[in-house]
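Quick note: the coordinates plus some simple rules give every number you see, no bench work behind them. This one's a predicted model, so the numbers in the text were calculated from it and none came from an experiment. Positions of Cβ are generated from backbone atoms using ideal geometry, with glycine treated the same way; all protein chains shown enter the neighbour counts.
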Amino acid sequence: MISEAILNSIKKARRIVVFSGAGISAESGVPTFRDDLTGLWQQYDANLLATPEAFTQDPALVWGWYEWRRARILAVEPNAGHEAIAKWQQHAALSIVTQNVDDLHERAGSDKVIHIHGSIFAPRCTKCKKPYVFSSNYFQEPESGRRIEPPLCPVCQNIVRPGVVWFGEPLYEPDLCAAIYEAENSDLLIAVGTSGLVQPASLIPRWAKDKGAVVIQINPTSTPIDEVSDYNIRATAAQALPEIVDALGFDSIVS
Ligand code: BV8
């Protein structure tokens with residue numbers, strides 16, 4: 001599935017960025033962002049739920065959705081795609097820019113992960129911005145569609161919100177700048193499991209390309225990133241990434 005030309009491009013790379021989207025978590029059992037509404041959530045549109053307006057209008061509905069998603073992320077494991085990237089990172093200068101709010105890259109052993117849309121594991125107070133630490137007994141087993149009142153900040157008693165970037169909110173500047181820096185200083189960017197529909201994240205492959213990087217996309221279907229990509233691997237993350245990392249032959253390196 002991985003051509004000689006693609007492998008030669010990858011072997012020449014000295015600074016690599018992996019730009020990941022919801023598709024890399026799909027094979028762990030975390031449905032992609034647009035497929036993420038099953039059960040009672042099916043009556044909702046993720047693009048509308050993931051907004052400050054939805055949270056203002058019905059905090060318990062939106063908090064319940066994030067708690068349902070968080071519980072399902074905690075119940076699954078990283079897949080072979082996450083693990084291949086973590087192994088690659090041990091042998092190469094490789095950073096990860098992810099649109100995902102899950103922690104599967106980190107649980108696979110990766111570090112240097114830039115979460116440009118935040119993290120479902122980093123809630124904060126809506127008022128004083130203090131990070132909210134989930135108490136050990138807070139773990140909910142929310143069934144699909146259940147409204148859950150958000151907790152109150154222990155410092156100022158205002159309600160807590162998910163630590164993600166909603167539609168209509170600006171990205172957290174330091175994360176976006178770090179992501180752009182990595183993209184513009186890479187010589188290889190691998191876009192994996194993203195539909196390339198959400199801005200400004202979807203511009204990252206273009207920014208890498210404009211500075212001379214080779215862009216390789218891994219996605220079973222075509223996306224707007226096709227036209228920026230030098231190569232398109234029509235496969236899943238858990239199929240293509242282990243094959244690439246195996247072909248790089250790290251196992252034969254005497255450590
Ligand atoms: C901002 C956190 C400005 C929350 C997310 C009109 C035109 C263009 C842009 C806009 C517009 N109207 C509004 C905008 C801007 C808007 C936007 O881009 N909207 C889109 C919908 C048109 N963007 C914003 O609002 C951003 N902010 O612009 O602020 C600003 C400046 C100053 C002051 C005020 C405002 C903020 C965007 C961040 C939104 N938050 N996530 C949460 O998770 O709940 S985005 C969310 O959707 C995800 O994080 C993810 O990034 C995105 C979904 O994208 P993907 O990750 O690509 O997932 P998706 O399901 O779409 O695709 C999965 C892909 O994987 C598919 O291609 C599939 O084929 C593939 N796949 C499936 N299985 C596999 C696989 N690939 C490999 N292996 C597999 N096994």
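Note that the stretch 192-202 has calculated 3J(HN,Hα) couplings of 10, x, 10, 7, x, 9, 9, 9, x, 3, 5 Hz, one per residue in order, obtained from phi through the Karplus relation 6.51 cos²θ - 1.76 cosθ + 1.60 (θ = phi - 60°); glycine and proline are x. Around the amide H of residue 118, modelled in the peptide plane, lie the amide H atoms of 165, all under 5 Å away and 5 or more residues distant in sequence or on another chain.
Helix 173-184: angle to the longest alpha-carbon principal axis of the chain, degrees 0 to 90, nearest 10? Between the helix axis and the principal axis of the chain, the angle is about 10 degrees.
For the stretch 242-250, putting each phi into the Karplus relation 6.51 cos²θ - 1.76 cosθ + 1.60 with θ = phi - 60° gives couplings of x, 5, 4, 5, 4, 5, 7, x, 5 Hz, in residue order, rounded to whole numbers and with x for Gly and Pro.
If the convex hull of the alpha-carbon atoms of the chain is projected onto planes in all directions, what is the mean projected area in square nanometres?
The Cα convex hull of the chain, projected and averaged over all directions, gives 14.1 nm².
Rounded to the nearest whole Hz, the Karplus-based 3J(HN,Hα) values (6.51 cos²θ - 1.76 cosθ + 1.60, θ = phi - 60°) of the stretch 95-102 follow the sequence 10, 10, 10, 10, 8, 7, 9, 8, with x at glycine and proline. Taking only alpha carbon atoms, the stretch 109-243 gives an Rg to Rh ratio of 1.06, where Rh is the Kirkwood radius.
As a proxy for reagent exposure, ranking 94, 171 by other Cβ atoms within 10 Å from fewest up yields 171, 94. Our estimate of slack between residue 138 and residue 234, defined as 0.36 nm per intervening residue step minus the Cα-Cα distance, is 30.5 nm. Spin-label model, residue 203 to residue 184: label points 7 Å out along the Cα-to-beta-carbon direction sit 1.1 nm apart.
The length gained by stretching the chain between residue 247 and residue 128 to full extension, at 0.36 nm per residue less their Cα-Cα distance, is 37.9 nm.
Go through the stretch 109-194 and name the chymotrypsin sites (Phe, Trp or Tyr not before Pro) that are in a DSSP coil and have 13 or fewer other Cβ atoms within 10 Å of their Cβ.
Those that pass, being in a loop and sparsely packed, are 139.
Please label the shape of the stretch 120-170 as rounded, prolate or oblate, based on the square roots a ≥ b ≥ c of the eigenvalues of the alpha-carbon gyration tensor (a/c under 1.5 means rounded; beyond that, a/b larger than b/c means prolate, else oblate). Oblate.
The modelled label-to-label distance for the pair residue 111/residue 57, using points 7 Å beyond Cα in the direction of Cβ, is 4.4 nm.
Here are some pairs, 112/209; 11/211; 130/211; 12/211; which of them have Cα atoms lying more than 26 Å apart in this structure? Over 26 Å apart, Cα to Cα: 130/211. For the pair residue 211 and residue 157, label points projected 7 Å from Cα toward Cβ lie 4.8 nm apart. Taking amide hydrogens as placed 1.01 Å from N in the peptide plane, the amide H of residue 191 sits under 5 Å from those of 19, 216, 217, 218, each at least 5 positions away in sequence or on another chain.
Please say if the stretch 176-215 is rounded, prolate or oblate, where rounded means a/c under 1.5 for a ≥ b ≥ c the square roots of the C-alpha gyration tensor eigenvalues, and otherwise the choice is prolate for a/b larger than b/c and oblate otherwise?
Details: a/c = 1.93, a/b = 1.30, b/c = 1.49.
It comes out oblate by the Cα gyration axes.
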